[in-house]
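Reviewing the structure listed below.
The values are calculated or read from the model by the stated rules, or taken from the named source; none is laboratory data. Small disclaimer: the values here were computed from a predicted structure and weren't measured. Glycine also receives a Cβ, built like all others from the backbone with ideal geometry; neighbour counts cover every protein chain displayed. These accessible areas exclude ligands, DNA and RNA; they are computed on the full protein's heavy atoms, side chains included. Shrake-Rupley method; radii C 1.70, N 1.55, O 1.52, S 1.80 Å.
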Amino acid sequence: MTNPVVVEITRGGRVESRHRGSALAVDADGKTLFSVGNVDQPVFPRSAVKAMQALALVESGAADALGFGDRELALACASHSGEPRHAALAADMLKATGKDKSALECGCHWPMSQDAMIDLARSGSEPSQLHNNCSGKHAGFVCAACHLGVDPTGYVNYDHPIQIMIREILADLTSDHFGVDNCGTDGCSIPTYAVPLTSLAAGFAKMNAGQGLGPVRARAARRLIDACMARPYYVAGSKRTCTRLMETLPGRIFAKTGAEGVFCAVLPQEGISIAVKCDDGAKRAVDAVVTALVARFLDTDDMVREKLLVQANRTLKNWNRIEVGTIAVTNALS
């Protein structure tokens, strides 16, 4: 099955680029409300499922034992921009359990934020593991392991107790299979598993509503979603789509992007969960699709909906700020 074109880029009145993809929206019971493209095709969700993985931090009791609040929980779910507050909070999370950045096995890269990268370079400093966009998630893994009395060394490995715990959580949420046969290695070195959008949307529906989950997991899931909505800056950062959506609609949406064109979102009040994959992995495309779908399903006034649609279908400008084209979702999302 060839997925339809979901986003078009124009220049000079002509279509210059097209992005194909698939998208799904389900209600609290997992019933399909909207579907386009092959939503049964397994995809690697990458960072879009960090909130699911962060359940290990809460369910282990580590979050409470270490006194973590909304900021720390949001960072544990984050693909942050490596801004100073992000790196500092990841360091504080590790310090709470007697560890430092050397315990992180995510690798290091320059901050995703250009401003933070320039400031770091100007200071003469080098990036560390704390600047890795996944450092909050990894700090959560280290904290959970230490609290459980497990050596955190090698926590990124498939057979480490923390990864075994996470596989059980993912399977319970999505009712899907997580094993060696559908496992790959994520950019931050932990296992990532190829599952369909149907499973991802169903998993976030469970996290939101708690239906089909044990009481401990249901409370932990709700706590993480609420923490991300309360502290959206720590989920992503300045000028990032996840943060922008949650700041535009405070308390109304949980949004989490993943690499290679994956995006998941939850509308808690409406009981709707959304999962999107753009075939070519384009960030600009998946951001437009998820924003348009949020506008479609959010129970809100026309002014807010219009604001979202303007973000999804926007004018493109060159470096001289001259309007040169547009990015817009297609009728496939109608």
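Could you give the accessible area per residue of the chain, probe 1.4 Å, as a whole number in Å²? Mind dumping the intermediate values first?
Values: 13880 Å² over 334 residues.
On a per-residue basis, the chain sits at 42 Å².
Net charge near Glu260: determine it from the other residues with C-beta under 10 Å of the C-beta of Glu260, scoring Lys and Arg +1 and Asp and Glu -1. Intermediate values should be presented prior to the final figure.
On the way: positive: Arg46, Lys277, Lys283; negative: Asp279, Asp280.
Value of the local net charge: +1.
Could you pull out the longest piece of the chain with no exposed loop trypsin sites (Lys or Arg not before Pro) in it, calling a site exposed if DSSP puts it outside H, G, I, E, B and it has at most 13 other Cβ atoms within 10 Å? Don't skip to the end; give the middle numbers.
Details: sites that count: Lys31, Lys239, Arg321.
In the chain, the maximal stretch lacking such sites is 32-238.
Can you list the HN-Hα couplings for the stretch 186-192, worked out from phi with the Karplus curve (6.51, -1.76, 1.60; θ = phi - 60°), rounded to whole Hz and with x for Gly and Pro?
So the J values, rounded to whole Hz, are 6, x, 9, 5, 7, x, 10.
Whats the longest run of the chain with zero chymotrypsin sites (Phe, Trp or Tyr not before Pro) that are DSSP loop and have at most 14 other Cβ atoms within 10 Å?
Excluding the exposed sites themselves, the longest stretch runs over 159-318.
With label points built 7 Å along Cα→Cβ from the Cα atoms of Asn320 and Met1, find their separation and express it in nm.
Result for the modelled spin labels: 4.6 nm.
Would you pull out the residues with amide H under 5 Å of Phe34's amide H, same chain only if 5 or more places away, H placed 1.01 Å from N?
Result for Phe34 returns Ala25.
Work out the count of Lys pairs in the chain where the Cα-Cα distance is under 17 Å, with the pair 8 or more places apart or on different chains.
The number of close lysine pairs in the chain is 16.
Would you tally the net charge around Gly187, using a Cβ to Cβ cut-off of less than 15 Å, leaving Gly187 out, and scoring K and R as +1, D and E as -1? Don't skip to the end; give the middle numbers.
Details: positive: Arg46, Lys50, Lys137, Lys283; negative: Glu105, Asp186, Glu260.
Result for the neighbourhood of Gly187: +1.
The list [x] 60, 51, 39; [y] 59, 48, 38; [z] 79, 38, 33 gives values of Cα extents along the principal axes in Å, and only one came from this structure; which label was calculated from it?
Matching the structure shown: [x].
What are the radius of gyration and Dmax of the stretch 15-102, computed over its Cα atoms and given in Å?
18.2, 55
Specify the residue with the greatest mean-square fluctuation among Thr257, Thr32, Thr291, computed from a Gaussian network of the chain linking alpha-carbon atoms under 10 Å apart.
Sorting by GNM fluctuation, first place goes to Thr32.
Determine the sum of side-chain charges near Arg314: Lys and Arg each +1, Asp and Glu each -1, restricted to other residues whose C-beta is under 11 angstrom from that of Arg314.
Numbers: positive: Arg284, Lys317; negative: Asp287, Glu323.
Taking every Cβ under 11 Å from that of Arg314, the sum is 0.
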